[in-house]
Structures are given as structure tokens and as C-alpha cells.
1. Using only alpha carbon pairs under 8 Å that are at least six residues apart, calculate the relative contact order of the stretch 1-119 and give it in whole percent.
2. Can you give the Rg to Rh ratio for the stretch 46-121, taking only C-alpha atoms and Rh from Kirkwood?
3. Taking Cα extents along the principal axes in Å straight from the coordinates, which label in (i) 51, 38, 29; (ii) 60, 35, 28; (iii) 45, 37, 31 is the correct one?
4. Given springs between every Cα pair under 10 Å in a Gaussian network model of the chain, which of ALA19, ALA111, ALA119 has the largest fluctuation?
5. Which distance in nm do the two modelled labels at LEU34 and TYR124 give, with both placed 7 Å along the Cα-to-Cβ direction?
6. Take every DSSP beta bridge with both residues inside the chain and express the antiparallel ones as a percent of the total, to the nearest 5.
7. Cβ under 9 Å from LEU125's Cβ, LEU125 left aside: what net charge do those residues give with Lys, Arg +1 and Asp, Glu -1?
8. Give me the percent of accessible area attributable to carbon and sulfur for the chain, probe 1.4 angstrom.
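The values are calculated or read from the model by the stated rules, or taken from the named source; none is laboratory data. As the structure is a prediction and not an experimental result, all values here were calculated from the model. Glycine also receives a Cβ, built like all others from the backbone with ideal geometry; neighbour counts cover every protein chain displayed. With ligands, DNA and RNA removed, areas are computed over all heavy atoms of the protein, side chains included. Shrake-Rupley method; radii C 1.70, N 1.55, O 1.52, S 1.80 Å.
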Amino acid sequence: PELFVNDFLLEGLLGQNAAVIDEAEQLLFVIVYLPSRLVRVPLTGDTRVREVNLNGGFNDASPALSGADGMAMTPDGNILVAFTSQVTRVVPTTSDWMNADATTVDVAATAGNTDVIAAGGEVYLLNGQAVRFAVDAETDPFTLTRFDTASFDAEE
């Protein structure tokens, strides 16, 4: 293997946590857990790493040290990011994905989310607790719940 890209924007207190590719735009998106941020890396040409300028919130304050934990690209070209007790939808406002709007929905009822999956026209939240399960067998190792993206419309 050969290192594709290395940049300080991909580092953090807790580093890279998920990646998705926008094939149409030839961009790789990476989320950094803490401090939470969305980073874009062109797959062709100038591969300069840049942070996406987000209008809106992109952090989860509860519980402490909650960060961007999972990510999925939706068929309409938006990005969903799972935080412990929130889901954030990121919609580009410029065609180069340098700027985007971020809308957050509280999903405290499924707190502990570790990933978001978009497949078959549906969105699911994964709460994976393998470490906690290893210590306490009473804990569910994972739960999967359906997430209704229409809840973003109520927030806007």
C-alpha cells in the first residue's frame, strides 16, 4: 500500500472515523471525531485536503467527548453524520463542496449511535456497543433503528 494523503486536517484529539466517496464529484469525505469536522479530499488533480465550511452545528455536546462517529452519502448527494445523540444532514451550497449547510436532529431516544447507513431508500442508525458488551453482557451489542429523514424538514 501507498499513502494517498496526509494532512493535519485529518488529525485531532480523536482522529478519522468514517469516509465516503462522492463518485460524481470525485471527492473523498472524511469525518474527524474530535474536534468534529468534515474534510474533503479530491481524488483527481489537486488532492489538497480542505475542511468543508459548515453553516450550522456540527457537534454533539452530550455526553462529553461525543464526536462525529459515522457517515453515509444519500442518493440525493447529501451526507448524513451520526453523533451519539444526534444526526446531522450536510447539504452542499457550492458545487465544489467547499461550503455546506448542516442541519441537526436530536435522536436522544437512540443515544449511543455509532454509525448511519443509507441503503434501499431507507436510513438506519447503528448503536454498536461491543466494548460495553464485553464488560457487561446485559448490554445489547448493537441495535439498528430506522431513521426518518423527514425530521430534518421540521428543523429547517
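1. Numbers: 278 pairs, mean separation 23.4, N = 119.
Answer for the stretch 1-119 is 20 percent.
2. Values: Rg = 12.9 Å, Rh = 13.0 Å.
When Rh is taken as the Kirkwood radius, the ratio is 0.99.
3. (i)
4. Its mean-square fluctuation being the largest, the pick is ALA119.
5. Each label point lies 7 Å from its Cα, and together they span 2.9 nm.
6. Numbers: 41 of 44 bridges.
The antiparallel proportion sits near 95 percent.
7. Working: positive: ARG146; negative: ASP115.
In short, 0.
8. Values: 4380 of 8480 Å².
On the chain, the fraction of accessible area on carbon and sulfur atoms equals 52 percent.
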